[in-house]
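Worksheet: one structure, shown below.
The values are calculated or read from the model by the stated rules, or taken from the named source; none is laboratory data. Given the structure is predicted, the values throughout are model-derived calculations rather than measurements. Cβ placement follows ideal geometry from the backbone for every residue including glycine, while neighbour counts extend to all protein chains displayed. Quick note on the areas: whole protein, heavy atoms, side chains included, nothing else; ligands and nucleic acids left out. Shrake-Rupley method; radii C 1.70, N 1.55, O 1.52, S 1.80 Å.
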Amino acid sequence: MRFEHESLTQRVCFASGEARALVRAEAERLGASRVMVIAAAAEDELAQAVSADLPVVLRWNEVLMHVPVEVAGRARAAAAVHRADLLLSVGGGSTTGLAKAITLTRGLPIVAVPTTYAGSEATSVWGLTEQAHKTTGVDARVLPRSVVYDATLTVSLPVPMSVASGLNALAHCVDAMWGPRVDPIDQALAGEGIRALAAGLPAIVADPAGLAGRERALYGTYLSAVALSSAGSGLHHKICHVLGGMYDLPHAQTHAVVLPHVLAFNAPAAPEAEQRIAAAFGAGSAIEGLEQLRRDVDAPKALRAYGLKETDVDDAVQAVLDVVPDGNPRPVTAGDVQRLLRAAWRGADPWPTSNE
Ligand code: NAD
């Protein structure tokens with residue numbers, strides 16, 4: 001065994017029902033006296049409650065998925081005018097993403113309070129979208145200094161969104177298994193992430209207001225994000241990134257639909273990853289485990305349900321081919337991408353294909 005692994009430095013506070021006190025403690029620890037709170041209008045109430053003890057100078061509600069550059073520009077200017085010295089993000093990946101975009105140019109510390117299972121809070125990856133093209137990058141400065149996980153804040157996330165978002169986290173785990181920089185620590189984190197999410201998501205569906213499933217899902221989310229951040233994006237994330245940027249598709253649902261098709265494609269050529277994923281699911285094969293979970297939670301099935309047109313699929317093929325990661329377990333041709341995307345568009349069953 002020979003590898004190099006870099007751990008990211010971040011405080012992680014996990015306690016259901018304690019976000020307000022934990023956020024206050026983290027803000028004090030960072031010496032904050034002028035806090036900019038970032039939360040979409042829909043999460044404003046949650047954010048008000050969480051930030052009640054803070055010296056807030058600005059509440060920012062303009063949050064859009066995939067962080068359009070115009071929104072980032074306005075938020076950066078507002079942070080400067082109000083002389084914010086700490087960003088508190090309360091929301092899903094879109095909200096965390098906006099905080100990261102501000103920090104990318106202004107260098108402010110972030111305390112992130114996630115309310116979905118997207119996992120952006122535990123990565124140093126930022127994303128910005130300009131004219132239907134999403135650019136992502138890695139920068140240690142954008143990693144939130146502290147994350148506060150409070151499962152009570154996710155209880156309001158509707159079950160279908162919880163399922164899609166949880167499968168987004170699961171996709172981080174699966175794709176990390178063959179990411180370009182994957183190491184055994186990433187694989188251990190990803191395996192435990194799959195176990196936590198595979199138990200947590202059905203528990204959320206069975207009892208959406210209960211905390212047991214939501215805590216497991218948040219725990220799995222954190223592991224999934226740390227694993228992916230270290231391993232780097234594999235084929236699955238590259239495909240979803242292209243589709244999200246070109247067609248403004250909903251992020252979590254896109255991941256939920258595409259994942260089984262990428263797993264079925266890569267698994268025959270990645271036997272060790274396949275066995276680890278199968279073991280984490282406690283299933284005979286990785287794809288059987290994923291498909292059983294998807295049935296149990298009534299997962300999103302087809303990209304056409306989210307407004308993608310059949311002709312869009314063919315337009316995306318070259319864009320995907322351009323970003324296929326080096327070292328994907330098997331070579332990827334235009335025909336492979338087209339078949340995979342068409343199957344995801346239709347909502348066909350994923351079929352393992354050999355790598356002959
Ligand atoms: P999102 O943040 O857009 O949230 C989805 C919807 O759920 C929104 O309508 C939001 O208002 C609502 N919502 C959020 N929390 C809620 C709650 N507790 N109760 C009720 N409604 C709630 O979507 P997302 O899937 O969390 O994040 C997607 C974005 O995050 C994408 O732009 C994606 O690229 C980015 N992302 C980045 C990383 C990274 O490492 N940089 C990782 C994952 C996702």
- Message: Run lengths n ≥ 4 of DSSP H only: what is the helix-derived mean residue ellipticity at 222 nm for the chain, with -39500 (n - 2.57) per run over all residues, to the nearest 500?
- Response: -16500 deg cm²/dmol
- In degrees, nearest 10, the alpha-carbon axis of helix 159-176 is tilted away from the dominant principal axis of the alpha carbons of the chain by 70
- Of the residues Gly210, Leu88, Ala42, the Cα lying farthest along the dipole of the chain towards its positive end, which is defined by charges on the beta carbon of Lys, Arg, Asp and Glu, belongs to Leu88
- Task: Using a 10 angstrom cutoff on alpha carbons, build the Gaussian network for the chain and name the most mobile of Ser120, Ser230, Ser16.
- Result: Ser16
- For the chain, the longest principal axis of the Cα atoms and the Cα long axis of helix 211-231 enclose an angle in degrees, to the nearest 10, of 70
- Query: In debye, nearest 20: dipole of the chain around its Cα centre with unit charges on the Cβ of K, R (+) and D, E (-)?
  - Reply: 580
- Task: Provide Phe281, Phe265, Phe3 ordered by accessible surface of protein heavy atoms (probe 1.4 Å), highest first.
- Result: Phe3, Phe281, Phe265
- Note on the structure: Probe 1.4 Å, all chains present, heavy atoms only: His251 accessible area in Å², nearest 10, is 60
- Query: Round to a whole number: what % of the accessible area of region 11-154 belongs to carbon and sulfur, probe 1.4 Å?
  - Reply: 51
- Task: Taking the Cα centre of region 159-346 as origin, sum charge times position over the Cβ atoms of Lys and Arg (+1) and Asp and Glu (-1), and report the length of that vector in debye to the nearest 20.
- Result: 260
- Quick one: which residues, 5 or more positions from Val56 or on another chain, have an amide H under 5 Å from its amide H? H modelled 1.01 Å from N in the peptide plane, none for Pro or chain starts. Val35
- Along the Cα-to-C-beta direction of Ser156, a point sits 7 Å from the Cα; which residues of region 44-78 have their amide N less than 16 Å from that point? 44-52, 60-63
- Expected max-MSF residue from Ala334, Ala227, Ala47 in the GNM of the chain (alpha carbon, under 10 Å) is Ala334
- Dipole of region 159-346 (Lys/Arg Cβ +1, Asp/Glu Cβ -1, origin at the Cα centre): which of Ala252, Ser224, Pro329 lies farthest to the positive side? Ala252
- Query: When the accessible area of region 159-346 is split by element with a 1.4 Å probe, what percent falls to carbon and sulfur?
  - Reply: 52
- Query: Over the Cα atoms of the chain, what Rg and Dmax result, in angstrom?
  - Reply: 19.4, 61
- Query: Given the C-alpha centroids of region 104-178 and region 281-356, what is the distance between them in whole angstrom?
  - Reply: 22
- Note on the structure: Rounded to the nearest 5, the percent of antiparallel DSSP beta bridges in the chain equals 25
- Once the dipole of the chain is set up with Lys and Arg at +1 and Asp and Glu at -1 on Cβ about the Cα centre, which of Met65, His241, Ala77 lies farthest towards its positive end? Ala77
- Along region 63-77, Karplus-curve 3J(HN,Hα) (6.51, -1.76, 1.60; θ = phi - 60°) to the nearest Hz, with x for Gly and Pro, reads 10, 10, 4, 6, 6, x, 4, 5, 5, 4, x, 5, 5, 4, 5
- With springs only between Cα atoms under 10 Å, which of Pro114, Pro260, Pro184 fluctuates most in a Gaussian network model of the chain? Pro184
- Alpha-carbon centroid distance for the pair region 190-255 / region 76-103, whole angstrom: 23
- Could you give the dipole magnitude of region 11-154 about its Cα centre, charging the beta-carbon of Lys and Arg +1 and that of Asp and Glu -1, in debye to the nearest 20? 440
- Distance in nm between label sites at Ala348 and Ala21, each 7 Å beyond Cα in the beta-carbon direction? 5.5
- Accessible area per residue in Å² at 1.4 Å probe, computed on the chain: 41
